[in-house]
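Q: Have a look at this one.
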Amino acid sequence: MERLSKDKIVRFLRQILFVAAIIFAASFLQFYWSMGHLSERMSSSCLECWFVEDAFYMSSITAVLLAIIFRFLNKIRSKIFIIVIQFLLLITIWSFWDYSVFVDRESSWSTYLFNEELYYVGTYSILPILILSFLSIFLINYKLFIKTK
């Protein structure tokens, strides 16, 4: 009986780590792809912080948060609904982080209007977010895609 519970715990932790690793890697790539042109700019909130540090911390937070949420989403029966929620969560969180980076490293040093900030973030982020979110969701739900075919 105890062996069964240990196996379940190990399987649960493997799933969480697998999802977290995919989300971390995709998040880090997404930040560099969309906001990498701001990597040489100074942060207005932390003058000694490097872009790599910011990307690492944002990717780590995103990975832990979404890995836990994605795991609990698996309790929903509708697989399509799960995938849509996962996709929307990734897009929302990555857009928020990209906006934060843009404000921190670019618009806080200048006079951007809110609409202009949204426009620039959307322009730089739309392609990386869409491509990497589709890829991430596919890798996370690979078994689901194989079973349905």
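Q: Pairs, please: C-beta under 7 Å, at least 6 apart or cross-chain, first residue under 16 Å from residue 97 (Cβ atoms) and in the stretch 58-78, second among the hydroxyl-bearing types (Ser, Thr, Tyr)?
A: Correct list of pairs: 58/27; 59/27; 62/27; 63/27.
Q: Taking the stated definitions as given, is residue 131 of a type in the set (Val, Ile, Thr), closer than 15 Å to residue 33 by Cα, out of contact with any Lys or Arg (no Cβ under 7 Å at 6 or more places or on another chain) and surrounded by fewer than 18 Cβ atoms within 10 Å (Cβ to Cβ)?
A: Judged against the criteria, residue 131 is a match.
Q: Can you find a residue in the stretch 104-115 that is in a helix (DSSP H, G or I) and among the β-branched types (Val, Ile, Thr)?
A: Checked against the condition, which is being in a helix (DSSP H, G or I) and among the β-branched types (Val, Ile, Thr), the stretch 104-115 yields no hits at all.
Q: For the stretch 134-149, how many residues meet the condition of being open to solvent by less than 80 Å² (accessible area, probe 1.4 Å) and either closer than 14 Å to residue 88 by Cα or at pLDDT 95 or above (or both)?
A: Restricting attention to the stretch 134-149, the residues satisfying the condition of being open to solvent by less than 80 Å² (accessible area, probe 1.4 Å) are 136-137, 139-141, 144-145.
After this cut, where a residue has to be either closer than 14 Å to residue 88 by Cα or at pLDDT 95 or above (or both) as well, the list is 136-137.
Count: 2.
Q: Determine whether residue 106 is closer than 25 Å to residue 53 by Cα, over 16 Å from the mean Cα position of the chain (by Cα) and either among the charged types (D, E, K, R) or buried (at least 18 other Cβ atoms within 10 Å of the Cβ) (or both).
A: Numbers: closer than 25 Å to residue 53 by Cα: yes; over 16 Å from the mean Cα position of the chain (by Cα): yes; either among the charged types (D, E, K, R) or buried (at least 18 other Cβ atoms within 10 Å of the Cβ) (or both): yes.
It is true that residue 106 is closer than 25 Å to residue 53 by Cα, over 16 Å from the mean Cα position of the chain (by Cα) and either among the charged types (D, E, K, R) or buried (at least 18 other Cβ atoms within 10 Å of the Cβ) (or both).
Q: Quick check on my filter: what residues within the stretch 109-126 are open to solvent by 60 Å² or more (accessible area, probe 1.4 Å) and in contact (Cβ under 8 Å) with a residue 24 or more places away in the chain?
A: 109, 124
The values are calculated or read from the model by the stated rules, or taken from the named source; none is laboratory data. It should be emphasised that the depicted structure is a prediction, and the values quoted were computed from it without experimental measurement. Cβ: placed from backbone, ideal geometry, glycine included. Neighbour counts: every protein chain shown. Accessible surface is based on the protein model in full, side chains and every heavy atom, while ligands, DNA and RNA are left aside. Shrake-Rupley method; radii C 1.70, N 1.55, O 1.52, S 1.80 Å.
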